[in-house]
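For reference, the structure is listed below as structure tokens.
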Amino acid sequence: MSSNEHVPVLLEPVLEGLDIKQDGCYIDGTFGRGGHSGEILKRLNSNGRLIGIDRDPDAIASAPKVLTNDPRFELIRGESGNLKKYIEERCLQGEIDGFLFDLGVSSPQLDEAHRGFSFLRDGPLDMRMDPSSGIPASDFIANMEKRELINIFKKFGEETHASRIAQAICDARKISQIKTTLQLASIISSAVPASTRNKKKHPATKVFQAIRIAINGELNQLEIFLLQSMNALKKGGRLCVISFHSLEDRIVKRFMRDMSRESEQYRGMPEVPEEFKPKLKTVKTVISASNVEVLKNRRSRSARLRVGVRI
């Protein structure tokens, strides 16, 4: 794969998980570069419909013409957390046959230095999914107190050296503003003891992840999307979610577990009101990329797919 090409991960398991109906209505909640969407659209007939959602203007601008020129396809620039609004505007409540939510950062976002996501390429310290809203990562770390940085690194990065790294950032920013990705990556690396480093993972991996999640509100967006998808799915509709780290996967796993049970106050009761009955049935267990896929696309190695069916 070329450095700037985005290859859709777990493509075949996703298509199998969606159990695509030719005349169905589907939503790709994280359009990215359209890899999954393109394959979904190929499996729809003239009555089928596909809606893509993405808040990244580069993703919208780069959308393949073969998709955007197709009358069965609609692309929305917006946040997946606004799913309820998009559904209601199109009168699609309870009419969706399948949702796909592919979390994380796309290959172009990582590979394009000016987006500021990568600790391997020098660029402005930005990390915003939508560069037109919110604050860049450079401003974020410039204004956070040490204790706030520690909390973010632990909560969103599960970083064991959070305190040392936060102190190093605070010390460095007293001298000059931290403006670039490699500048921050160097500060983080110098704060992590060499004896404790994971040789397979860059020392800045978890902190960059934590900052990105925090400034984009990624976990909050995920939780909102999952909840709102339940009212939009028709009976038998599929929910497919691809996660790339344990924080995301735990949220998805817990959500599907909770939705597969009756509400806690009615658990074990002989009669349960309809609105408190189980809403989802999980399909299989968590699905990972095959060895063959990982060899072809290294970024698929941490991908995890969970599938649920609306009941």
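The values are calculated or read from the model by the stated rules, or taken from the named source; none is laboratory data. Keep in mind it's a predicted model, so treat the numbers as computed, not measured. Note that we place each Cβ from the backbone using ideal geometry, even for glycine, and neighbour counts take in every protein chain shown.
Is it true that E79 is under 21 Å from Q228 (Cα atoms) and either β-branched (V, I, T) or over 19 Å from the mean Cα position of the chain (by Cα) (or both)? Steps first, answer last, please.
On the way: under 21 Å from Q228 (Cα atoms): yes; either β-branched (V, I, T) or over 19 Å from the mean Cα position of the chain (by Cα) (or both): no.
Answer is no for this residue.
A quick yes/no check of all residues on (1) farther than 23 Å from E223 by Cα; (2) modelled with pLDDT of 95 or more; (3) in a helix (DSSP H, G or I):
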| residue | (1), (2), (3) |
| --- | --- |
| E12 | yes, yes, yes |
| D23 | yes, yes, no |
| G32 | no, no, no |
| I76 | no, yes, no |
| N82 | no, yes, yes |
The lone exception for I53 - which of (1) modelled with pLDDT of 95 or more; (2) surrounded by fewer than 21 Cβ atoms within 10 Å (Cβ to Cβ); (3) of a type in the set (A, V, I, L, M) it fails
(2)
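Determine, yes or no, whether G38 is in contact (Cβ under 8 Å) with a residue 60 or more places away in the chain and surrounded by 15 or more Cβ atoms within 10 Å (Cβ to Cβ). Let's see the steps before the verdict.
Working: in contact (Cβ under 8 Å) with a residue 60 or more places away in the chain: no; surrounded by 15 or more Cβ atoms within 10 Å (Cβ to Cβ): yes.
Spelling it out, it is not the case that G38 is in contact (Cβ under 8 Å) with a residue 60 or more places away in the chain and surrounded by 15 or more Cβ atoms within 10 Å (Cβ to Cβ).
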Subset of the stretch 146-181 that is touching a helix residue (DSSP H, G or I) at 6+ places or on another chain (Cβ under 9 Å) and among the β-branched types (V, I, T) - its residue that is farthest from K201 (Cα to Cα)
I178
Does A61 satisfy the condition of being among the aliphatic types (A, V, I, L, M) and without any contact (Cβ under 8 Å) to a residue 12 or more places away in the chain?
yes
Pairs please, first residue from the stretch 161-178 and assigned by TED's automatic domain parsing to the domain that holds A210, second anywhere and in a helix (DSSP H, G or I) and of a type in the set (F, W, Y), Cβ atoms under 7 Å, 6+ apart in sequence or on different chains.
A162/F153; I165/F153; A166/F153
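Take G35 and tell me if it is over 22 Å from the mean Cα position of the chain (by Cα) and in the same structural domain as I287 (by TED's automatic domain parsing).
Details: over 22 Å from the mean Cα position of the chain (by Cα): no; in the same structural domain as I287 (by TED's automatic domain parsing): yes.
No, not satisfied.
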Go through the stretch 137-183 and count every residue that is among the basic types (K, R) and not in a helix (DSSP H, G or I).
1
Exclusive hit being surrounded by fewer than 19 Cβ atoms within 10 Å (Cβ to Cβ), modelled with pLDDT under 95 and basic (K, R), set R298, R257:
R298
Evaluation of L100 against (1) modelled with pLDDT of 95 or more; (2) closer than 30 Å to I311 by Cβ; (3) part of a helix (DSSP H, G or I) (one fails), failing number
(3)
Cβ contacts < 7 Å: first residue over 15 Å from A303 (Cα atoms), restricted to the stretch 243-258; second residue surrounded by fewer than 20 Cβ atoms within 10 Å (Cβ to Cβ), any location; separation 6+ or different chain. Result?
M256/T282
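Here is a list: F225, F153, F208. Which entry is within 26 Å of the chain's Cα centre (by Cα), more than 30 Å from F99 (Cα to Cα) and surrounded by 14 or more Cβ atoms within 10 Å (Cβ to Cβ)?
Values: F225 fails: more than 30 Å from F99 (Cα to Cα); F208 fails: more than 30 Å from F99 (Cα to Cα).
One residue alone meets the criteria, F153.
Acidic (D, E) and modelled with pLDDT under 95, is that true of E112?
Details: acidic (D, E): yes; modelled with pLDDT under 95: yes.
Criteria met by E112.
Rundown of residues vs (1) assigned to a helix (DSSP H, G or I); (2) among the acidic types (D, E), yes/no style:
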{"site": "Q221", "(1), (2)": "yes, no"}
{"site": "L227", "(1), (2)": "yes, no"}
{"site": "E271", "(1), (2)": "no, yes"}
{"site": "L305", "(1), (2)": "no, no"}
